[in-house]
Amino acid sequence: MKKLIKLKGKNMKKLIALFLICSLFTGCANLKGTGSTVESSAQQNDPATAGDSTVSNPDPIPTGDWLTIDDVETPAPMERVISDNGREDYTVEEVAEILNSIDNFKTSDNFTATVPKHLDHLREFNIGTQDIECPTEEQYKNFLETFKYIFPNDDFHENCFFCLSNGEYYPIYENYDKFIDHTLNEDMDKWVWFLTYTEADSDDEYRIDLTTPYYFGGSISSFNRGKAIKTAYEKGDAEFCSATLSFPEYWFESEGIYPPDSEKSFKLTDKEMSIKDAVKFFEDYVNSLPSRYEPVFSVHVNRVTVYKLTNDCYGYGFSTSRMYDEIPFEYFVDGQHISGSLNIIGDMGRGFMLRSDEADSASGICCDETIGDIKEYTDMMSFEQAANIISEKLTDHVTFEVVDAKLIYCQYDDGVPRLFGDISVPIRAKWSLRLYNPNDALYYFCYLDARNAEDFSYFTAEEIQ
């Protein structure tokens, strides 16, 4: 029996690249040491529900003694994670007034802020993954159900369904018995990371990859309908039409970057839609995706990049992170060059919309994570106190431009390897300021613990986006 399908030429290269990206399975970036670079985890996956596209596939494998897509029901959407922490925010103008009253701070022309004036409480907790078992028939069934939920109008081609194990892609239906009884390879527990559906091996002019990787536990992590890359391919801006690696900034010109509550509107491929309304639609959709576990976190849009698709149409690109208890996690945009010794893990979730009624892609959804050892506090320093303390920690001889201010949950890399079910990564709330120093032309990412004035750290970067 053939163990691994030989994908042709650049298609194999694409799948190898996909594996490298998917190996960052939390959808996060680890910013380490001097001169390190954030690598992209923005791998995306999903079907091409583009009705006008033509997708050819190899001949289907005969059905065996396993469930097929026709045997499962479309699952119900998940209920959105609802938090009630009594959050009330300052306006951006109120935050700017506080910062501009500090001698060595002034807000930049494009200053943004999401700063709470009031919260009922703060929490400190540990984070980890669910105690995930080896592949089971239930998880396999869950994959089919979720595919059917996201891509109700697409055919499920069994020969496009793979398991990644020890760096190799195994066709599920050629290895189904071994897959279910955990003998696909000797280190099944250690090396099987996700299931994936991808139409990468088509020679069609408009071939589109449909990929939905899962980390065993059954929850969706990313999807891509492939319409953005199809648009770029048809314009001649993309070498091949593949949804596997669909990064809008590679093919489309950026019109600008906006906060998620912006009322500014742009024409999408079907109609005009405000950024604020697009963010709400996208968040509502991805936070309702079916999951084997009840999600602890929701997906939160931190900023929106507007891309010009054609002369008169635009698309919205979303930078996302996890949200817990009305406080988002730190996020970084891929490709930043970092200097400094601080090891911070930042979320690098992404999303894209071309139509007002459809999310084209999303990644970094992280439904399989959970938390433990929760401690709740009602005491925290105010933003004004935090801003003054950060100012005092920095040099008096520079007037820093404040680019962004917020309260976030922050995760540090302690270098300790952890297994599934190990819920021991500490998370704390931090006041965060992103500053620009005109003297050395560097951006300063500053973090102050929301309850401990002595816990201050920062790193520098050549770019902030």
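Less than 5 angstrom separates the built amide H of Leu442 from those of Asn437, all sequence-distant by 5 or more or on a different chain. Taking amide H positions as modeled 1.01 Å from N, with prolines and chain starts lacking one, the residues under 5 Å from Thr370 and 5 or more places away or on another chain are Gly128, Thr129, Gln130. Highest mean first, the peptides 291-304, 72-85 sorted by other C-beta atoms within 10 Å per residue fall in the order 291-304, 72-85.
In region 78-130, one over the average inverse separation of all distinct C-alpha pairs is 14.1 Å, which is the Kirkwood hydrodynamic radius.
Taken together, the values in this text are just the output of simple stated rules run on the coordinates, not laboratory data. Since we're looking at a predicted model, the values are computed, not measured. Because the Cβ atoms are built from the backbone with ideal geometry, glycine has one as well, and the counts that use them run over all protein chains shown.
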